[in-house]
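S.K.: Below is the structure I would like to discuss, written out as structure tokens.
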Amino acid sequence: MASDALVRAFFAVELAAELRREAGDVSSALRSRVEPGIEVRWTRPEGWHVTLRFLGEFVARRLAELLVAARQSVAGLAPFELRLASAIAFPPRRARVLALDLAPHPPLAQLAGALERVAVTHGFEPETRAFKPHLTLGRVRSGQLGAREIAGVAADGVAVQTVRDIVLFRSELHSSGARYTPLERVVLGSNVHP
């Protein structure tokens with residue numbers, strides 16, 4: 001990639017196959033509950049991830065410095081276990097996103113906070129919304145979701161993923177949907193001693 005080329009990117013946790021299977025079951029359950037007249041654009045399983053910090057579009061030559069800073073920022077954060085939880089919809093008043101909550105929140109929030117500091121230090125605009133860890137399953141295009149669509153829908157919670165790294169993904173927008181390509185992995189806990 002040319003150093004003056006523009007890249008659109010974000011940091012995220014890549015989901016393991018076991019969590020993808022559980023998320024697929026929840027996605028199917030939600031699809032069967034959506035009322036006629038509500039149009040939802042469902043996300044594709046191959047694109048499922050947990051966004052920690054969206055960076056937007058920037059010049060590719062900045063990638064190296066961002067990765068160095070990201071490695072330093074997560075070196076003291078230990079790997080942790082991640083599970084899928086209940087289906088959620090937000091924002092609360094007029095839901096536009098169908099998603100899965102994740103557990104536990106604290107280590108994800110720590111990661112997101114560390115990456116937010118990296119982004120702001122390197123000239124990116126501060127994030128204006130509070131971090132809400134989730135896995136997006138669908139986006140409501142038209143119609144109004146009710147509580148019925150998500151009530152009682154949850155992942156089995158059996159699958160567990162040990163999060164040992166995060167990924168810097170490139171995001172390319174296409175008419176068929178976004179395509180995400182892993183650019184680099186950043187290992188957690190390189191400064192954590194047992």
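Every number here is computed from the coordinates shown, using simple stated rules; none is lab data. In this text, all values refer to a predicted model and were calculated from it rather than measured experimentally.
S.K.: Rounded to the nearest 10 degrees, what's the angle between the helix 63-74 long axis and the longest principal axis of the chain, both from Cα atoms, 0 to 90?
M.R.: Once rounded, one gets 80 degrees.
S.K.: I would also like to ask the following. Could you calculate the contour length gain from residue 144 to residue 64, that is, 0.36 nm times the residue separation minus the distance between their Cα atoms, to one decimal place in nm?
M.R.: Net length gain for the segment: 24.5 nm.
S.K.: Turning to a different aspect of this structure: With N set to the residue count of segment 56-109, report its C-alpha Rg divided by 2.2 N^0.38 Å to two decimal places.
M.R.: On the way: Rg = 16.3 Å, N = 54, 2.2 N^0.38 = 10.0 Å.
Taking N as the residue count of segment 56-109, the ratio is 1.63.
S.K.: Still on this structure: So what is the calculated 222 nm ellipticity per residue for the chain, using -39500 (n - 2.57) for each DSSP H run with n of 4 or more, over all residues, to the nearest 500 deg cm²/dmol?
M.R.: Only helices count here, giving -8000 deg cm²/dmol.
S.K.: On average, how much area does the Cα convex hull of the chain cover when viewed from any direction, in nm²?
M.R.: 11.6 nm²
S.K.: Subtract the Cα-Cα distance of residue 96 and residue 158 from 0.36 nm times their separation in residues, and report this length gain in nm to one decimal.
M.R.: Fully extending the segment from residue 96 to residue 158 adds 19.5 nm.
S.K.: For the chain, what is the relative contact order in percent, using Cα pairs closer than 8 Å and at least 6 residues apart in sequence?
M.R.: Once normalised by length, the contact order is 35 percent.
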